[in-house]
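What follows is a single structure, written as structure tokens, with notes after it.
The values are calculated or read from the model by the stated rules, or taken from the named source; none is laboratory data. Predicted model only: the values in this text are computed from it and were never measured. Don't worry about glycine lacking a Cβ; one is built from the backbone with ideal geometry, like all the others, and counts go over all protein chains shown. Ligands, DNA and RNA are excluded from the accessible area calculation, which covers all protein heavy atoms including side chains. Shrake-Rupley method; radii C 1.70, N 1.55, O 1.52, S 1.80 Å.
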Amino acid sequence: MERLSDILFSGSQTEFLLEIFIRTFIMFLLVLLVLRLLGRRGVRQLTLFEMAMIISLGSAAGDPMFQDDLPISYAVIVFMTVVLLYKGITWIVMKYRPMEKMLEGTALTVVQDGMFALEEDRDLTFSKMEFFSELRNLSVEHLGQVREGVLEVDGTLSVLFYEPSQVRFGLPLFPSRYREISGYHGPGPFACMLCGKVIKEIPVGKECPRCSRNRWALAMNTQRV
């Protein structure tokens, strides 16, 4: 118990604890103020460039909260500099469009015509399972329900769906159906577990004509509820 007390309070100055509270309160309000000035409403709206800015603000805000040798005015100057840099770079991006792609990236097509877009596969930093999770959250049961899915620069997924009458067979997204068939001799169709390509023939030992893989699951064509 004494050891725990040393870990928690050893070397602490009682009179400085109130100052830490005041410093933290002020810095927290400053961070909120800066974020409001930048006009952002949520984390999911942040691009990579803006996330770097937030990290810079957090670093500048953290130290003055508990270090008595760092006046809060130093952090205020850092905040002002970051905001000016953000506004300046935003203006440059608006004037010179290539800068936008370099700083923020571009939207990527993830799903096209009920299949994963192979040409973008090498550029994707999300795993297939992460895409499955995002699509399941949108009540998507299989890829045959999706006409097009785009990964936005802020990490959100935008999806266009087929009309109910146009839903096709597609790769299942839920674990209960996303299972590799082994020695299966029943009717198809079958969906490639990598790219989502659907074929009618029994695929035992058969490679996918689209991505040359040979892992298959039973395709499904249920409509969205």
Leaving ligands, DNA and RNA out of it, work out the accessible area of Trp91 with a 1.4 Å probe and give it in Å² to the nearest 10. 140 Å²
Out of Val150, Gly183, Val198, whose Cα points farthest toward the positive end of the dipole of segment 149-225 (charges: +1 Lys, Arg; -1 Asp, Glu; placed on Cβ)? Gly183
Stretched out fully, how many nm does the piece from Leu33 to Thr81 gain, at 0.36 nm a residue minus the Cα gap? 15.8 nm
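Can you compute the FRET efficiency between Asn137 and Tyr96 using 1/(1 + (r/R0)^6), with r the Cβ-Cβ distance and R0 = 25 Å? Round to the nearest 0.05.
Numbers: r = 36 Å, r/R0 = 1.44.
For R0 = 25 Å, the calculated efficiency reads 0.10.
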Would you mind checking which residues have amide H under 5 Å from Val110's amide H? H placed 1.01 Å from N; only 5 or more apart, or other chain. Gly149, Val150, Leu151
